[in-house]
Amino acid sequence: MHIRSLTFLHDTFPTATSYPFNLEVFKKTRTLIFHEPVTFFIGENGTGKSTLLRAIARAAGIHIWEEHEGRRDAHNLHEDQLHRSLRLEWTTGRVAGSFFAAEHFRHFAEALDQWGRADAGCLGYFGGSSLIVQSHGQSHLAFFAHRFARKGLYLLDEPENALSPARQLELLRLLRQFARRGDVQFIIATHSPILLALKEAEIFTFDTAPIRRIAYEDTDYYRIYRDFLNHREKYLDGS
């Protein structure tokens, strides 16, 4: 692992009433220790997993590619400040990496296409051809397969969003392949029971405070999908 641990510096929290510093899951968690090359963050929407993932990226000096938003009348001054209250412990020093969010990938792919017109060589880092001429699933997997081939820290926010179950299985195999190589670390926020099945991974749940490890078979994702597939009529009838 490149990052050995993450510590919340509670005494530096600038507020206790504004998001994300008002989340109990952050207030009650002291340290997360990473034991495996792949770590999954799970939890219901709004529990803070994507927020923490972005804070890790900022604390690690990893650029978050996103479109500039229009001016908002009401802005939470603390929304993007969690990284200032984190301490990352590196194993052998900081490494390069990248942050992936499906919601912003299209904008990145379009920018890459523009760069490729001026320098076709830059497309070689992502498979050698434009990402926007491929389907969402194909372009995402092309990006993953070529970006993860290099040593680094990779942070992914719900990478399954544009992937069919079959494509998720392809990503699962890629994660296993690269994790076994020993020079990459993945931290992934996900709702996918397919990705969570990776044996070479640990899972942290944000549904309870403090954040804690959980076994795959104990996650709601596994239980709900298993029960639905085995007893789907019960769910369709609302019983």
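Bear in mind that the values in this text are calculations on the coordinates, not laboratory data. Predicted, not measured: the structure shown is a model, and the values here were computed from it. We place every Cβ from the backbone using ideal geometry, glycine too, and count neighbours over all the protein chains shown.
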*Size of region 167-206 along its principal axes in angstrom, Cα-based, largest extent first?*
28, 22, 14
*Given the peptides 96-102, 219-225, arrange them by the average over their residues of other C-beta atoms within 10 Å, most packed first.*
96-102, 219-225
*Please arrange F8, F13 by counting, for each residue, the other beta carbons lying within 10 Å of its beta carbon, fewest first.*
F13, F8
_Quick check for you: which residues of region 31-66 have the amide N under 12 Å from the point 7 Å beyond the Cα of H10 toward its beta carbon?_
31
